[in-house]
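**Student:** Before I ask anything, let me first share the structure, which is written out below as structure tokens.
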Protein chains: 2
Amino acid sequence: MSYHIIAGTQDFLESLRGKKASLLLATSVTRTCEIPNLSQAGIPEHLHLTPTLDAEFITVKQVRSLQHIASTPSGIPTPALITRAVHELNPFKSIEILDLGLEVKPKIEHFKIHSFDLTPSENITQHAHIDAFEVFQKGVAFAQNYEPQADYTILAESVPAGTTTAMATAMALGYEATNCFSSSFKNAPQSLKQQVVEDALKHTVSSMDVFEKLSALSDNMIIFNAGFILGLQATSHKLILAGGTQMASVLLVVNSLLQTMGGELESSKIALCTTQWIAKDETSNIKALLDQLDFQINAYAAQFDFSSSTSEVLKLYDQGEAKEGVGAGGALIYGLINGLEAQSIVKKVEQLLYA
Amino acid sequence: MSYHIIAGTQDFLESLRGKKASLLLATSVTRTCEIPNLSQAGIPEHLHLTPTLDAEFITVKQVRSLQHIASTPSGIPTPALITRAVHELNPFKSIEILDLGLEVKPKIEHFKIHSFDLTPSENITQHAHIDAFEVFQKGVAFAQNYEPQADYTILAESVPAGTTTAMATAMALGYEATNCFSSSFKNAPQSLKQQVVEDALKHTVSSMDVFEKLSALSDNMIIFNAGFILGLQATSHKLILAGGTQMASVLLVVNSLLQTMGGELESSKIALCTTQWIAKDETSNIKALLDQLDFQINAYAAQFDFSSSTSEVLKLYDQGEAKEGVGAGGALIYGLINGLEAQSIVKKVEQLLYA
């Protein structure tokens, strides 16, 4: 096996072995990332640039909106390195960027950047001020007009502080989320995160409908992707959600919407793929989140770590820093089920890091 | 990077990463190749067979119209080996041959050989006797009816003595071409080449229009490809010109035609890809040719050499022999942006050479 099964069986993933995938990177900014010490997904004071830089790096291997590739204060490099490494060794058929509210547009040519007239959402402790129904509908519409470039699609995300908005989202919708959400930190700032989520939840009351709650404390990526998933159900196209607990939160939103609006999810068309740093994380619990879904879902974790690397900063991943993001887990699995050796991915990441 | 940027940015090429290409090989004979010692692209006295043999070798890995694969008197093997090696490791979606005036038709089945009722053009020192406007129109028409088999197309060439006709073409059109054109020889026979071009230029006067000049001293490949490029502009299909200074000359013809006929080239649909033997060649200057274009063009050189090879004849490439042809540079880049390691291409070329 080149992956671990978190939920379901291997059949879904095995049916994709040898097929080509397109990568969609859903990027957005929530001003929640401006809360000090909440996220280490990028450079402090410049976290809002992280999704822009990630988009630039995976497409053209350059960060053009800042001098250096996003790395954390402790020097942990972005998981975009992993996604780019796989793309160089076993390329995606295409990479397209979804601008779901960026501060700065990626400076790239010849790549589709889909714009949806969305602006960064506000700090959820103050109310996010999202028009959730509108964002959701844009996701549905995008799916309905989506013309696949490849056999299946891998949907990734880059949203700094996104695990906090994901946790607030899950809790507002009534799911058990305590100690379930991961963090870009090894030692997750759980008390800070908890406090932010508690402050955010004050803007919701249980009588609100799903969209009202999402408007207050979610983020554009989660809401849009829930719409995209449901919009894509009308087709036979297969989708991999490449991400950890944030993508689990997207599925929880889908679950709540189905409960409210009726309908079922044909979950044989969709799976979640993440890293084993998420799957084995002792400070979060993606399985517990997925277990709360009313539908069956296949979920997998890439069998990949940096134990064979000589790079000390990459080994920080194995100690629990960074963990996931920019589609790293999905990209790894895509590479591994298409014949790449983990060892060659490690080497390519090292090359990119020390180029 | 798996390539160097000669002009423009990496974005065009990065957007093709992971996509499949069809290869079109434009083949033609100019009797200019019968001038002794002007070209080493093949066997002396049999240079007119080289495009035929190249077409046979890249498609079916056999030279059927002669016993041995085209190699030079000093034993330098054809760059078709490189193109074939990439095709075996990361195949083109299709290979089609454009017969733009061959002496002998390739003996291959199941591959499309497009015929255009063209005969070899004459020695340019005597006047090439080409109906340039007709050849150009055939290129335009072919583009208009072109049904892409893949995501993009790589257009390659095999024309012995083609750098001489390319140089004559550029000079007749008024471009600065001194020391700009490469040669299949390491020590380019510049004085002979210069003399041939000077003799050819005697058949033109400045009052002639572009087509009259091309009729006198160009070759069918250059003229047809200029038409193909312009005809393809009506579509969104992306094209890579796989070649060195000959393909630069094609672009100069396009440039002159646009100056005369009006119109603009949407150069975001087109790029030139060559070898680094051309890009780094001290006896020619492809950059200086491209700089004379009125439009922006992306141009790249494959990061590939034979330094890791144990073959002495292959290492002659690194010393400046052969350099390019039969789409070698474009093929290398196609392989490298689809995950091939340079090392594996070297090994495959060695296998083909010593098979």
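**Student:** Post the alpha-carbon centroid distance, the range A:7-41 to the range B:1-54, in whole angstrom.
**Tutor:** 42
**Student:** With springs connecting C-alpha atoms under 10 Å apart, model chain A as a Gaussian network and identify which of A:Y334, A:Y175, A:Y146 has the largest mean-square fluctuation.
**Tutor:** Sorting by GNM fluctuation, first place goes to A:Y146.
**Student:** Take peptide B:17-23, look around each residue's Cβ out to 10 angstrom, count Cβ atoms belonging to other protein chains, and average those counts.
**Tutor:** Whole-number average of other-chain Cβ neighbours for B:17-23 is 5.
**Student:** Sum up the charges of everything whose Cβ sits under 13 Å from the Cβ of A:Q296, counting Lys and Arg as +1 and Asp and Glu as -1, but leave A:Q296 out.
**Tutor:** Neighbour charge sum, excluding A:Q296 itself: -4.
**Student:** With N set to the number of residues, divide the alpha-carbon radius of gyration of the range B:224-291 by 2.2 N^0.38 Å and report two decimals.
**Tutor:** Normalised Rg, Cα atoms only: 1.14.
**Student:** Evaluate peptide B:219-227: per residue, the Cβ atoms of other protein chains within 10 Å of its Cβ; return the mean as an integer.
**Tutor:** Mean partner shielding for this stretch: 0.
**Student:** Semi-axes of the equivalent ellipsoid of the range B:245-355: what are they in whole Å, largest first, if each equals the square root of 5 times a C-alpha gyration tensor eigenvalue?
**Tutor:** Value: 31, 15, 10 Å, ordered largest first.
**Student:** If each DSSP helix of 4+ residues adds -39,500 (n - 2.57) and the sum is divided by the residues in the protein assembly as shown, what number results at 222 nm, nearest 500 deg cm²/dmol?
**Tutor:** Taking each H run of at least 4 residues, the total per residue is -11000 deg cm²/dmol.
**Student:** If you don't mind, there's one more thing I want to ask. Debye sum, Cα scatterers, the range A:40-171, no solvent: what log₁₀ I/I(0) at q = 0.13, 0.14, 0.22, 0.23 1/Å?
**Tutor:** Scattering profile of the range A:40-171, log10 relative to I(0): -0.61, -0.71, -1.53, -1.57.
**Student:** Please work out the Cα center distance from the range B:146-196 to the range A:211-281, rounded to the nearest Å.
**Tutor:** Value for the Cα centre distance between the two parts: 55 Å.
**Student:** Would you work out which of B:L290, B:M171, A:F92 lies farthest towards the positive end of the dipole of the protein assembly as shown? Charges go on Cβ: Lys and Arg +1, Asp and Glu -1.
**Tutor:** Final value for the positive-end residue is A:F92.
**Student:** Also, quick follow-up: Between A:S15, A:S215, A:S182, where does the largest GNM mean-square fluctuation fall for chain A, given springs only between Cα atoms within less than 10 Å?
**Tutor:** A:S15
**Student:** Measure out, as a whole number of angstrom, how far apart the alpha-carbon centroids of the range A:285-355 and the range B:334-348 sit.
**Tutor:** After rounding, the separation between the Cα centres reads 25 Å.
**Student:** As a footprinting exposure proxy, order B:F116, B:F57, A:F211 by other Cβ within 10 Å, with the fewest listed first.
**Tutor:** The most exposed by this proxy come first: B:F116, A:F211, B:F57.
**Student:** Can you tally the net charge around A:T310? Count Lys and Arg as +1, Asp and Glu as -1, for every other residue whose Cβ sits under 15 Å from the Cβ of A:T310.
**Tutor:** Net charge in that neighbourhood comes out at -1.
**Student:** Next question. Which order results if B:D99, B:D209, A:D131 are arranged by neighbouring Cβ count within 10 Å, fewest first?
**Tutor:** B:D209, A:D131, B:D99
**Student:** Under unit Cβ charges (Lys, Arg +1; Asp, Glu -1), what dipole magnitude, rounded to 20 debye, does the range B:3-353 have relative to its Cα centre?
**Tutor:** 720
**Student:** Can you pull a Stokes-Einstein diffusion coefficient for the range B:3-353 at 4 °C (1.567 mPa s), Rh from Kirkwood over Cα pairs, as a whole number of µm²/s?
**Tutor:** In µm²/s, the coefficient is 67.
**Student:** Now a separate question. For the range B:138-276, compute the orientation-averaged projected area of the C-alpha convex hull (one quarter of its surface), in nm².
**Tutor:** Answer in nm², one decimal: 8.7.
**Student:** Taking the DSSP beta bridges in chain A as the whole, what percent of them are antiparallel, to the nearest 5?
**Tutor:** 15
**Student:** Continuing with the same structure: Who wins for biggest fluctuation among B:T83, B:T125, B:T275 in a Gaussian network model of chain B, springs between alpha carbons below 10 Å?
**Tutor:** Between B:T83, B:T125, B:T275, it is B:T125 that shows the largest mean-square fluctuation.
**Student:** At 7 Å along Cα-to-Cβ for each site, give me the label-to-label distance between A:K315 and B:E282 in nm.
**Tutor:** 4.6
**Student:** Can you pull the mean other chain C-beta count within 10 Å for peptide B:337-344?
**Tutor:** Per residue, the number of nearby Cβ atoms from other chains is 3 on average.
**Student:** Tell me, what are the semi-axes, in whole angstrom and largest first, of the equivalent ellipsoid of the protein assembly as shown as set by the roots of 5 times the Cα gyration tensor eigenvalues?
**Tutor:** Output for the protein assembly as shown: semi-axes of 55, 24, 22 Å.
**Student:** Continuing with this model, one more query. Sorted by average packing, counted as other Cβ atoms within 10 angstrom per residue and highest first, what order do B:40-48, A:235-243 take?
**Tutor:** Descending packing order for the listed peptides: A:235-243, B:40-48.
**Student:** Once you charge only the Cβ atoms, +1 for Lys and Arg and -1 for Asp and Glu, what is the size of the charge dipole of the protein assembly as shown about its Cα centre, to the nearest 20 debye?
**Tutor:** Using Cβ point charges on Lys, Arg, Asp and Glu, the protein assembly as shown gives about 900 debye.
**Student:** May I pose another question? Calculate, in nm to one decimal, what B:T260 and B:D131 gain on full extension: separation in residues at 0.36 nm each, minus their alpha carbon distance.
**Tutor:** Answer, rounded to one decimal: 44.6 nm.
**Student:** Ranked by Cβ crowding within 10 angstrom, fewest neighbours first, how are A:F111, A:F133 ordered?
**Tutor:** Ascending number of Cβ neighbours within 10 Å: A:F133, A:F111.
**Student:** Now a separate question. Provide the net charge surrounding A:P120, with neighbours chosen by a C-beta distance below 12 Å and charges set as Lys +1, Arg +1, Asp -1, Glu -1.
**Tutor:** It works out to a net charge of -4.
Coordinate-derived values only; no laboratory data. This one's a predicted model, so the numbers in the text were calculated from it and none came from an experiment. Cβ coordinates were reconstructed from backbone atoms using ideal geometry, including for glycine residues, and neighbour counts include every protein chain displayed.
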